[in-house]
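Where a number appears in this text, it was derived from the coordinates with a stated rule and is not lab data. Remember, predicted model here, so these are calculated numbers, not experimental data. Using ideal geometry, Cβ is built from the backbone for each residue, glycine included, and neighbour counts are taken over all protein chains shown.
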Amino acid sequence: HLAAETHVDRSIDNPNEFVKNNVLSTLNLLNESLNYFEKLNAERQKKFILINISTDEVFGSLGNEGAFNEETPYAPRSPYSSSKAASDHLVRAWNETYKLPTVITNCSNNFGPYQFPEKLIPLAILKLIRGEKVPLYGDGANIRDWIYVGDHVNALLKVAEKGKVSETYCIGGHGEMTNKNIVYEICKIMDKIYVDKAPHSKLIYFVEDRPGHDRRYAIDPKKLKNDLGWKVE
């Protein structure tokens, strides 16, 4: 179950839509999956598993040290992360109450080809190409643990092949960077491509921080590595 509304800014502007699409849609999927599962014969039931792909944002905001793991309590701080936490809780409840075979994964920030342009990296690239200003919230020092989308997909394949029912797996790429450093690195690359428009860093400007902006995320993927043999390629 990968489908979700994921943009924090839009969740602040329209929380109802996020509850509808992330919570109620998950409820519908669980009910339909349970109905399907109960009609399977015993042999096929043994092979069935519903994987709910969630986010590290359900854990809230980290201090300067440490990392999220499977034992970290949920502490969401935005309508988006709250809706994803609710989705996770529903999945866990359907596993416990109705014995629907489920697994939950919590992944850090993804990057890669064809990412929707509301996300930081494609947004910065497109704005720089157009010569538009690139906004950064607050001081730009919020830290995210970046992982390439292909590594995330490989992790999900491992979970599908070897994951244990009722378990939770944290997926992260040990790629901590501040938002500011990410955008400045993109500017350096753009300077090499569009030399006549350098330095692109002149287009960066800082805006008022958004409400409830988590300071730092980091994932400890030790369980996924040790139990399922996954690693970042």
Using DSSP to define loop residues, name the GluC sites (Glu not before Pro) in segment 64-112 whose beta-carbon has at most 12 other beta-carbon atoms within 10 Å.
Glu65, Glu71
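Within 10 Å, count the other beta carbons around each residue, average over each peptide in 196-205, 18-27, and list them highest first.
Working: 196-205: 14.0, 18-27: 18.2.
Final packing ranking: 18-27, 196-205.
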Please list, ordered by chain and number, the residues whose modelled amide H lies under 5 Å from the amide H of Val134; skip anything fewer than 5 residues away on the same chain.
Ile204, Tyr205
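Lysine pairs in segment 36-133 8 or more apart or on different chains: how many have alpha carbons under 18 angstrom apart? Walk me through the numbers before you get to the answer.
On the way: Lys39/Lys47; Lys39/Lys99; Lys46/Lys99; Lys47/Lys99; Lys84/Lys119; Lys119/Lys127; Lys119/Lys133.
For segment 36-133, the number of qualifying lysine pairs is 7.
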Taking H placed 1.01 Å from N in the peptide plane, check which residues at least 5 places from Arg216 or on another chain put their amide H under 5 Å from its amide H.
Leu62, Ile143
Considering only DSSP beta bridges with both partners in the chain, what is the antiparallel share in %, to the nearest 5?
15
Nearby lysines by direct alpha-carbon distance to Lys231 (threshold 21 angstrom, same-chain neighbours under 8 apart not counted)
Lys158, Lys162, Lys164, Lys222, Lys223
Cα centroid separation - segment 1-43 against segment 192-233, whole Å
27
Quick one: compute the contact order of the chain, relative version, from alpha carbon pairs under 8 angstrom and 6+ residues apart, as a percent.
25
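Kindly provide the helix-only [θ] at 222 nm of the chain, computed as the sum of -39,500 (n - 2.57) over DSSP H runs of four or more divided by all residues, to the nearest 500 deg cm²/dmol? Working shown, then result.
Numbers: 9 runs with 98 residues, N = 233.
About -12500 deg cm²/dmol.
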Distance in nm between pseudo-label sites at Lys162 and Ile129 (7 Å out along the Cβ direction from Cα)
3.8
